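Every number here is computed from the coordinates shown, using simple stated rules; none is lab data. Being a predicted model, the structure only gives us computed values, none of them experimental. Counting neighbours? That spans all protein chains shown, and the Cβs are built from the backbone with ideal geometry, glycine included.
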C-alpha cells in the first residue's frame, strides 16, 4: 500500500501539534514537511512531493488565500484539508469554492482527521453534512437537469462529482 504524503502548514502550534501526533502514529501516512509560510521556495518543493496539504486557518488569516490558490492551481493533484478554529458555514463554503477539498474544526481533529484524509485522497469532499444539505436542495430546485441525480434509475452513466 502506498503511503499518503502530507505537508502540514500552520501559523499556530496547537493544530499542528495535534495533527503531527496523530499522523506520526499512523503507518500509512508520511509527513513530508511542516511549513509556517506558503510563499517560500520550501512550500513549492513540499507540494511537489505531497498528496495532501493540511493547512490551518490561522495561516490563511495571516497570509491571505492568494498563496494557497497559487499552490492549488499549480498542483491540482494535491488535495487540501483546512482546519478551522470553529464551525463557520460561510468560511467552509467559501474555502470549498476556492478548491479546498475538506474542512475540519480543531475539535474534530482527534476523531476524524485520518478518515478525512483518506476520503479526500479517494476523491471525496469532506465537509459538514449541514453544509452540504442546502447545496443539494438548491441543485434539486434548479431546472438544469440536476434533478436526474435524485433518480439514479434515470442515469445511464454514473458520474462522480468532485
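Between rounded, prolate and oblate, where does region 36-100 land on the alpha carbon gyration tensor, with a ≥ b ≥ c its root eigenvalues, rounded for a/c under 1.5, else prolate if a/b exceeds b/c? All intermediate terms of the calculation are to be shown ahead of the outcome.
Working: a/c = 1.93, a/b = 1.51, b/c = 1.27.
Because a/c hits 1.5 or more and a/b exceeds b/c, region 36-100 counts as prolate.
Shape class for region 4-128, computed from the alpha carbon gyration tensor (a ≥ b ≥ c): rounded, with a/c under 1.5.
Give me 55, 6 ranked fewest to most by other Cβ atoms within 10 Å of their Cβ, as a rough exposure proxy.
Working: 55 24, 6 27.
If I rank by nearby Cβ atoms, fewest first, I get 55, 6.
Using a ≥ b ≥ c from the Cα gyration tensor of region 6-53 (square roots of the eigenvalues), is it rounded, prolate or oblate, where a/c under 1.5 gives rounded and otherwise the larger of a/b and b/c decides, a/b for prolate? Verdict is oblate for region 6-53. Segment residue 49..residue 62, full-extension length gain: 2.2 nm, with 0.36 nm per residue of separation and the alpha-carbon distance subtracted. Based on alpha-carbon centroids, what's the gap between region 64-120 and region 43-58 in Å, whole number please? What the calculation gives is 11 Å, centre to centre. Exposure proxy for 73, 50, 58: other Cβ atoms within 10 Å of each Cβ, ordered fewest to most, give 73, 58, 50.
May I ask you to compute the full-extension gain from residue 77 to residue 89, defined as 0.36 nm times their residue separation minus their alpha-carbon distance, rounded to one decimal in nm? Write down the numbers at each step before the final one.
Working: separation 12, 0.36 × 12 = 4.32 nm, distance 2.54 nm.
Gain on extension, residue 77 to residue 89, equals 1.8 nm.
Ordered by the count of other Cβ atoms within 10 Å of each Cβ, fewest first, 79, 41 give 41, 79. In terms of the mean number of neighbouring beta-carbon atoms within 10 Å, the peptides 109-118, 89-98 order highest first as 109-118, 89-98.
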